[in-house]
């Protein structure tokens, strides 16, 4: 294994059984490989059923491979005695904020994880305060979680993960149930944790505007990685991405359609500023 | 005559207690038959409270809700009729499936309307076709279906009641882009072929821009704006202030305007391509 990688999938196969008589076993992936370098912000895209959530759950041993291995800092998720260390290293945040909150006061909720690790109370206090400050929820520490907005609840869930001193956070569609403001809050929090604290982030999402903010984008289809690169490299493949049932950002789509009509625009436009500048240059020339 | 008319509707949560909060504050709107109204606003702005007034799930503390010419709280019969005239499909409706088969789930609403067996069967089949569910899926347990299929079963259950007004609360939440486009196309086709009025509650400014004939913006329990896509979306700054966003193409056109290139407004990629292609 490579010490630069926090998570490695080596030839992973995973299948699950269904209750349905006709198709008893569903093979999600076979011979899957993926490495996540330390400190990376990785976005994983793919349509429903492509295996993204399975990848997320394999990352901290909620699921384990049928064949091959998943290692976290060199520890295999198949080894029972490593599972606690693995979950301390890789924390998960899920889609529905209401299913992840266990306590009736925000700071108790964040303290839940560290308390289970048997950490000293004074250390827990420090970690909870730091985690809540990191996600911008410190002023809300004495509030009742159910009275918070969706974006605030997700930030509390993220704080709960950070309080475990995790090195990596895996988020499975954390903004799917949020409004635009909530989405923005969660995305800024994720970026801050990645840039300022060096936490590795794996973000599973359906939103292309979130994926363009990552260092690297992996696109999955039927259990395999079909595209892998920087957002610019990946979103260039407009046709392939659409064939997979996914989208590209509107700026990319607009530039792509104008290029097809003969406009001389760059093929790697991702955001509105780039697009407006490129268009302005062209139109001033005309 | 508007199909829905709200006159001075005010609603309090925890009414009569010290915790009383105004969830709707003097709402006055008319919705014409056949419109597709996009309802937007941040969480807690009053969108869901508003739509729950339209079929009598919630009763206003002040004001009146008029559906198809009748005040729905004027008598018991009117209230009952409103429940069938206005079909409401909640957010994540797949969690509300409960029958043994998809067929029975879709048939639940029509059964409550006390229709004949033939008519119920007829409606279930028609509704299943509208949402694109294959016949063989109807005999399966809803729990063996995929997420997108479950959602379509739930929507079919509302459509099968043949409501004059169909309200969908975040029908595409959690779906991938292909699943989202399928549902949106289905909603739009349903409206064109039946002439029904559709209300679409959504966080996606892009989806609303593509489909809606009118946009209703809720903010702090009040109607902030109500008008065509153009009338509403041109207020980009105000929309951002109240926690919403404008589509990326609209931002591109705004940036071009700031650079002295005024091309008017575009809220969808199609519209942007159309405007720009005229410039070529």
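Read-outs: derived from the displayed coordinates by stated rules, not from any lab. Note that the structure is a prediction, hence the values are computed from the model and not measured. Here Cβ is always computed from backbone atoms with ideal geometry, including for glycine, and neighbour counts include all displayed protein chains.
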So what's Rg/Rh here for chain A, counting alpha carbon atoms and using the Kirkwood radius for Rh? 1.01
Within the protein assembly as shown, what percent of beta bridges assigned by DSSP are antiparallel, to the nearest 5? 55
Which residues does the label zone of residue B:135 cover in the range B:97-112, counting backbone N under 16 Å from a point 7 Å along Cα→Cβ? B:103
Over the Cα atoms of the range A:156-196, each weighted equally, I'd like the Debye log10 I(q)/I(0) at q = 0.14, 0.17, 0.23 Å⁻¹, rounded to two decimals. -0.31, -0.46, -0.82
Take the alpha carbon gyration tensor of the range A:110-156, find the square roots of its eigenvalues, order them as a ≥ b ≥ c, and report rounded if a/c is under 1.5; if not, report prolate when a/b exceeds b/c, else oblate. prolate
Taking beta carbons within 10 Å but only from partner chains, what does the mean come to for residues B:247-257? 6
Taking the convex hull of Cα positions in the range A:79-142, its mean projected area over all directions (nm²): 5.2
What translational diffusion coefficient, in µm²/s and rounded to a whole number, does the Stokes-Einstein relation yield for the protein assembly as shown at 4 °C and a viscosity of 1.567 mPa s, taking the hydrodynamic radius as the Kirkwood radius over Cα pairs? 50
Starting from 0.36 nm per residue, how many nanometres of slack lie between residue B:25 and residue B:100 once their C-alpha separation is accounted for? 22.8 nm
GNM result for chain B, Cα springs below 10 Å: residue of B:234, B:210, B:257 fluctuating most strongly: B:257
For every helix of n ≥ 4 consecutive DSSP H residues, a contribution of -39,500 (n - 2.57) applies; sum these over chain A, divide by its total residues, and give [θ] at 222 nm rounded to the nearest 500 deg cm²/dmol. -11500 deg cm²/dmol
Dividing the helical contributions, -39500 (n - 2.57) per DSSP H run of n ≥ 4, by the residues of chain B yields a 222 nm value, nearest 500 deg cm²/dmol, of -12000 deg cm²/dmol
Treating the Cα atoms of the range B:1-124 as identical point scatterers in vacuum, please give the log10 of the normalised Debye intensity I(q)/I(0) at q = 0.12 Å⁻¹, two decimals. -0.56
Where the eigenvalues come from the Cα gyration tensor of the range B:224-280, what are the semi-axes √(5λ) of the equivalent ellipsoid, largest first, in whole Å? 21, 13, 9
Expressed in angstrom and rounded, the centroid-to-centroid distance over alpha carbons for the range B:146-213 and the range B:105-119 is 22
Based on DSSP, what percent of beta bridges with both residues in the range A:5-230 are antiparallel, to the nearest 5? 55
FRET efficiency estimate (nearest 0.05) - Cβ-Cβ, residue A:126 to residue B:15, R0 41 angstrom: 0.40
For the range A:218-286 and the range B:75-95, write down the distance between their C-alpha centroids in whole Å. 43
Let me confirm one metric for peptide B:266-273, namely the mean number of other chain beta-carbon atoms within 10 Å of its residues' beta-carbons. 3
Enter the mean projected area of the convex hull around the alpha-carbon atoms of chain B, in nm², rounded to one decimal. 17.0
In what sequence do B:275, A:158 fall when counting other Cβ within 10 Å, fewest first? B:275, A:158
Averaged across A:177-187, how many Cβ atoms of other chains sit within 10 Å of each residue's Cβ atom? 5
What distance in nm separates the two pseudo spin-label positions at residue A:197 and residue A:277, each 7 Å out from Cα along the beta-carbon direction? 3.3
Rotationally averaged projected area of the range A:127-286 (alpha carbon convex hull; nm²): 11.5
